[in-house]
Amino acid sequence: MTLSGAQVRDKFISYFRDKRGHLHKPSSSLIPDNPTLLLTSAGMVQFVPIFLGNAAPTNPPRVVTVQKCARAGGKDSDIENIGRTSRHHSFFEMLGNFSFGDYFKKEVIPWAWEYVTKDLGLEPERLTVTIFMGDDEVPADEEAFEIWNKTVGVPKERIIRLSKKDNFWGPPGPTGPCGPCSEIYYDRGPEYGCNDDPEKCGIGKCECDRYMEFWNLVFMELFKDDAGKFTPLANKNVDTGSGLERVTLILQKKNNTFETDLFFPILEEVSKIAGVEYTGGIVKNLPSTPSEKTDSYLKIIADHARAITFLIADGVRTSNIGRGYVLRFITRRAARFGRLLGIDKPFLHKLVAVVVGIYGEAYPELKSAEALITQAIREEEERFAKTIDRGMAFLEDLLKEAGNIIDGAKAFNLYSTYGFPIELTNEIAIEHEKSVDMDAYRKAKEEHAGVSAADQFNVVITGDEAIGGILREHGTTEFTGYDHLSGEGTVLAVLKNGKAIDEAQEGDEVDLILNTTPFYAESGGQLGDGGMFENDECRVLVIDTKKHEGLHVHRVRVQAGALHPKDKLKATVDSEKRLHTVLHHSSAHLFHAAVRRD
Ligand code: ALA
């Protein structure tokens, strides 16, 4: 019987939990608790403090997880390979087993082999393993060789030695734990190969899909520092990663991961919406025929729809920086591929229900946030829909200009005016065998940031037209803060440098005016109330509240998500700060009273 993706997930957990005594821990969030990392890119991320000796190991010191991972931004990005290979994803589930100073190579190598050949039933003759060949910094992994060869019985010609590029893993960010690794490959057969010549198509020789790497055993024993230097960790640890999608593809004998039950319903829904058919079949090199291209667009959209669903469920919101930018880029990239399939209306949000249908049981956070995710994607699609056609026309003109290099300042304009992330512009440029002048792009971006930063320095809001308009339309702010420290209000205006704007995003510092507020405003130099505004879409820190012509103006910083006029927000005053201000205020009154009595 062929296993479903969900069964593969369960089987992995039970082998390590029930047979090998591991503690089963849930996946951590895609937003890592690690400032050097944009997104959780591997199963080991949640255990970095343990590997570094900064946190106590679990009890028992061996753990099994199925971790939500994203490799869509920063150093770990796989984005350009998606839809072009049969195995890459922006989001995927990583099956992992970990040892924190507990077992090491002699245990974990035979276990991996036993699980793969007995429990999953993969044919040993189709398996090849790799080990680290050694270099100036780290010696060859002879210990792993001996175990694969003598204990497990893998013939030496099927133990391949590879360099650091392939057989050394980590750290997941710029610094952190890492080590030599050993990988297991499955030979899917010559029909998947890129070349009949074994000198050209083989492990370590090409990147094609015939030999699929599906299991990575990292012997995590080193720490890489800022200077790139390696020092030994206190413990010898194990960090294993195996892509659920790849294992499922191998077991279900499909052409690519998108044809497994973990994906196919999403792909089918996209093809239904687009009114195009998925052709399938083996794609050996880059997609080139019209049907291969259509198939690759369907795959990219299916991949991205799943990724953005999971990202939003974990609290990521679109913005112009950080992970919010990654979410924006993936969403807009998927929207553009939708256009290429002839879909001219927002559609990605309709895929959320299909993703939740497949994954809702294993990840209940998707079910509870389904409506919010759908809404957030719809809004981002609608925002991009407003500018995509004009942006495409602008870009097409750029592509027609002579030469192979696209003006970087214009590419920046394409982002700032039409919302085309630079990665998307670059990708389209490459499709036309051109490239963007990235130095000029960065210069334009820096200049733009410089202007905004300078503007921000001199914020003048009193007497501004925006304030006058609000007063005329709505009157003064209703202040509820004498009786309540929380409440709900509607945003009347978001102001940046005194001007009304349509959106403030993660990281932006703006002024916010609502119809009603519990935040106390000082008209003088003293600080007003601080606290939080929030709704399902955003979280906003209130730094200060001031009064201007009867309006309470909140100086805020958007911490997550985006903020717009007409948004309804829940307000919570920082009660400790209020108490402190009130006490300070009262003692000032008492002092003045005392002075006056004199
Ligand atoms: N951390 C290792 C990987 O991501 C297992 O491949």
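A single entry from Val66, Val45 fulfils the requirement of being within 14 Å of the ligand (Cβ to nearest atom), aliphatic (A, V, I, L, M) and assigned to a strand (DSSP E or B): Val66. Regarding Thr58, is this residue surrounded by fewer than 23 Cβ atoms within 10 Å (Cβ to Cβ), in contact with a Leu (Cβ under 6 Å, 6 or more places away or on another chain) and among the polar types (S, T, N, Q)? Judged against the criteria, Thr58 is a match.
Of Asp536, Asp511, Asp529, all but one fail to be open to solvent by 10 Å² or more (accessible area, probe 1.4 Å) and either modelled with pLDDT under 75 or among the charged types (D, E, K, R) (or both); the exception is Asp536. Filter segment 324-354 down to residues that are part of a helix (DSSP H, G or I) and among the basic types (Lys, Arg) and give me whichever is surrounded by the fewest Cβ atoms within 10 Å (Cβ to Cβ). Once the filter is applied, the top-ranked residue is Arg339.
Candidates Trp148, Trp113: the one that is aromatic (Phe, Trp, Tyr) and over 20 Å from Ile250 (Cα atoms) is Trp148. The listed residues are Lys150, Lys164, Lys156, and the only one of them that is within 16 Å of the ligand (Cβ to nearest atom) and either outside the structural domain of Arg246 (by TED's automatic domain parsing) or open to solvent by 40 Å² or more (accessible area, probe 1.4 Å) (or both) turns out to be Lys164. On the given criteria, is Asp209 within 27 Å of Leu3 (Cα to Cα), modelled with pLDDT under 90 and in a loop (DSSP other than H, G, I, E, B)? Yes: the conditions hold for Asp209.
Listed conditions (1) buried (at least 19 other Cβ atoms within 10 Å of the Cβ); (2) in a helix (DSSP H, G or I); (3) touching a residue at least 60 places away in the same chain (Cβ under 8 Å) are all met by Glu427, apart from (1). When restricted to residues that are more than 15 Å from the ligand (Cβ to nearest atom) and open to solvent by 30 Å² or more (accessible area, probe 1.4 Å), segment 199-213 contains 8. When the residues of segment 90-104 are filtered to those that are more than 13 Å from the ligand (Cβ to nearest atom) and within 18 Å of the chain's Cα centre (by Cα), the one that is surrounded by the most Cβ atoms within 10 Å (Cβ to Cβ) is Ser90. Residues of segment 61-89 that are open to solvent by less than 20 Å² (accessible area, probe 1.4 Å) and touching a His at 6+ places or on another chain (Cβ under 7 Å): Val63, Val64, Ile82.
For segment 214-227, the candidate set comprises residues that are more than 14 Å from the ligand (Cβ to nearest atom) and of a type in the set (Asp, Glu); within that set, the residue that is farthest from Tyr103 (Cα to Cα) is Asp226.
For segment 335-345, the criterion of a residue being at pLDDT 95 or above and within 18 Å of the chain's Cα centre (by Cα) is satisfied by at least one position. Just one of the listed residues (Ile301, Ile321) is within 19 Å of Glu423 (Cα to Cα), surrounded by 23 or more Cβ atoms within 10 Å (Cβ to Cβ) and aliphatic (A, V, I, L, M), and it is Ile301. Please count how many residues of segment 1-41 are part of a helix (DSSP H, G or I) and of a type in the set (D, E, K, R). Number of matching residues: 6.
For segment 228-250, a tally of residues being within 18 Å of Phe16 (Cβ to Cβ) and away from the ligand (no atom under 16 Å from the Cβ) returns 1. Taken over segment 238-283, the criterion of being part of a loop (DSSP other than H, G, I, E, B) and open to solvent by less than 30 Å² (accessible area, probe 1.4 Å) is satisfied by Asn256, Thr260, Leu262, Phe263, Gly280. Of all residues in segment 44-71, those that are in contact (Cβ under 8 Å) with a residue 40 or more places away in the chain and not assigned by TED's automatic domain parsing to the domain that holds Asp303 have Cβ atoms under 6 Å from Cβ atoms of residues that are surrounded by 15 or more Cβ atoms within 10 Å (Cβ to Cβ) and β-branched (Val, Ile, Thr), 6 or more apart or on another chain, in Pro57/Ile50; Val64/Ile13. Scanning segment 167-198 for residues that are farther than 17 Å from Met212 by Cα and either small (Gly, Ala, Ser) or open to solvent by less than 30 Å² (accessible area, probe 1.4 Å) (or both) yields Phe168, Gly170, Pro171, Pro172, Gly173, Gly176, Pro177, Cys178, Gly179, Pro180. Scanning segment 396-414 for residues being without any contact (Cβ under 8 Å) to a residue 12 or more places away in the chain and part of a helix (DSSP H, G or I) gives a total of 3.
The values are calculated or read from the model by the stated rules, or taken from the named source; none is laboratory data. Since the model is a prediction, treat every value here as computed from it, not as a measurement. Cβ: placed from backbone, ideal geometry, glycine included. Neighbour counts: every protein chain shown. With ligands, DNA and RNA removed, areas are computed over all heavy atoms of the protein, side chains included. Shrake-Rupley method; radii C 1.70, N 1.55, O 1.52, S 1.80 Å.
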